[in-house]
Amino acid sequence: MTTYIPRHRLQVADTLARFIDEEVLPGTGVEPAAFWAGFDALVHDLTPKNRALLAERDRLQLELDAW
């Protein structure tokens, strides 16, 4: 079972958080707190756009199915 941990306003799988913090970020000059703050901002900024795109995809699929 996956365990989730908070990273700003996100709930992230602990294995992903460990991977990012311990394997990806070291040597990049990016601190984990800065990464997670930026990622959180991106996710929350793009979520409404993503929902709109998914709704459009569903609308188009319904038109294709009807055709």
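Summary table below
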read-out	value
Near pairs, Cβ below 6 angstrom, 6+ apart or cross-chain, from the range 31-55 (over 9 Å from residue 8 (Cβ atoms)) to any residue that is open to solvent by less than 80 Å² (accessible area, probe 1.4 Å) and in a helix (DSSP H, G or I)	32/21
Residue that is least open to solvent (accessible area, probe 1.4 Å), among those in the range 1-56 that are in a helix (DSSP H, G or I) and among the polar types (S, T, N, Q)	47
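The values are calculated or read from the model by the stated rules, or taken from the named source; none is laboratory data. As the structure is a prediction and not an experimental result, all values here were calculated from the model. Cβ: placed from backbone, ideal geometry, glycine included. Neighbour counts: every protein chain shown. Heads up: the accessible areas ignore ligands, DNA and RNA and are worked out on the full protein's heavy atoms, side chains in. Shrake-Rupley method; radii C 1.70, N 1.55, O 1.52, S 1.80 Å.
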